[in-house]
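Everything below concerns the one structure shown next.
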Amino acid sequence: MNLTTLNIRGLGSRRQRNLSNRIKEEKLGMVFIQETKCSIDKIREIHSKWLIKYEYLEVKSNNIAGGILTLWNPQKFGILDAEASRNYLSMVIQHLGDKEIYLITNVCGPQKLEDKLRLLISLEELRERHPVMPWILGGDFNMIRSLIEKKS
């Protein structure tokens, strides 16, 4: 399974082209994107212009923060189920040609501490609903493990 996760901090025109080129060059089967910072209409436009060979699901941003986009190559993955919240997009997928079913979750963590705790509880509940599937969990949790990780 060939995937990557990117906090893109807005899908401006240069980033759209760079994203499209990276997906093609690396032959990515799936891409987790956080902080799209654009409307659903803008996502549709980007998809039709740069990423037409990929399917996608998104969580709407408020145009200045947030937004989650998960892209996948439909020739490599089948989507069996999906659910979303403000801070994650989760799908049950099957890698085509493989009988294994996976739970994948793209996370864009909140800024406020109390919201971070709610996100962790939601992820724990998500896992409890899918206890036996291998889980691929990625994204930007907006959490630090040590002071060395904090820049500002």
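For the chain, the solvent-accessible area works out to 60 Å² per residue, with a probe of 1.4 Å and every protein chain left in place. In terms of the mean number of neighbouring beta-carbon atoms within 10 Å, the peptides 51-60, 27-36, 138-147 order highest first as 27-36, 51-60, 138-147. Taking 25 Å as the straight-line reach from the Cα of Lys49, the lysines in range (excluding those fewer than 8 positions away in the same chain) are Lys24, Lys27, Lys37, Lys60, Lys76. With contributions of -39500 (n - 2.57) from each DSSP H run of at least four residues, the per-residue ellipticity at 222 nm computed over the chain stands at -9000 deg cm²/dmol. Take the solvent-accessible surface of the protein heavy atoms, probe 1.4 Å, and return the percent of it on the range 91-152 that carbon and sulfur atoms account for. Here it works out to 57 percent. Our summary of shape: the Cα atoms of the chain have principal axis extents of 39, 39, 29 Å, ordered from largest down, in whole angstrom.
Measuring max minus min along each principal axis, the C-alpha atoms of the range 106-152 give extents of 38, 21, 16 Å (largest first).
Relative contact order of the range 32-152, taken over Cα pairs closer than 8 Å and 6 or more residues apart, is 21 percent.
What is the pair-distance distribution P(r) of the range 1-75, computed from all Cα-Cα distances in 5 Å bins starting at 0, with each bin given as a whole percent? Going from the shortest bin to the longest, the percentages are 4, 17, 32, 30, 14, 4, 0.
Among residues other than Arg129 with Cβ under 14 Å from its Cβ, the summed charge is -4 (Lys and Arg +1, Asp and Glu -1).
The values are calculated or read from the model by the stated rules, or taken from the named source; none is laboratory data. On a predicted model such as this, the values are computed, not experimentally measured, just so you know. Cβ sites come from the backbone with ideal geometry, for glycine too, and all protein chains shown count toward neighbours. Remember, those area values only see protein heavy atoms, side chains included, never the ligands or the DNA or RNA. Shrake-Rupley method; radii C 1.70, N 1.55, O 1.52, S 1.80 Å.
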